[in-house]
Amino acid sequence: MDDKDIIELYILRSERAIKESRTKYGRLCRACAMRILGSREDAEETENDTYLRAWNTIPPTEPVSLGAYLAAVCRRLSIDRLRKEKSKKRGCGQFILSLQELDDAVSDLPDPADAAALRDTVRRFVSSLPEDTRDIFLKRYWWFCSIKDIAQQRGMSESAVKMQLARARNKLREQLEGDM
């Protein structure tokens, strides 16, 4: 079933929309939540919360890409859940490490007064990256994949991945300093 059909099921308030969403995007949502939360149980609960949020927001929202919409909702819910728990004993996956890397790259910058301007600057930056670097950057800082997993997926050494990420963070810092 394609995204338009599933979205139409949400609009019609058919419970089949959740079943079809789970079938098509369940693995994606669980993987996203697992990378952030590090707990299978929490990831499964967050996946279910994702479908509930989609049920409550479609309509009025009609996403162009249901997969991207569900992934973004799942990511937000996972981060919110992790912040609430504030407990490292249950595991934080790659989330904390990834944020520390980014924080080290931009910690000296003044607080941006305009969140929209910051978002636009980061979007422009990510769009300007070469495709390989953009893929690595997004896997690390959007999907929170480990360096090891990225290296294996891309057929690279871990040190090569770390070097590309370091260079990308430095470029991001330069762009933020220039724009802010």
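Every number here is computed from the coordinates shown, using simple stated rules; none is lab data. Just so it is clear, the structure is predicted and the values come from calculations on it, not from any experiment.
Using a cut-off of 26 Å between Cα atoms, the listed pairs 148/171; 24/171; 4/84 include 24/171; 4/84 as exceeding that distance. Diffusion of region 3-88 by Stokes-Einstein, at 37 °C in a medium of 0.692 mPa s and with Rh set to the Kirkwood radius over alpha-carbon pairs, works out to 256 µm²/s.
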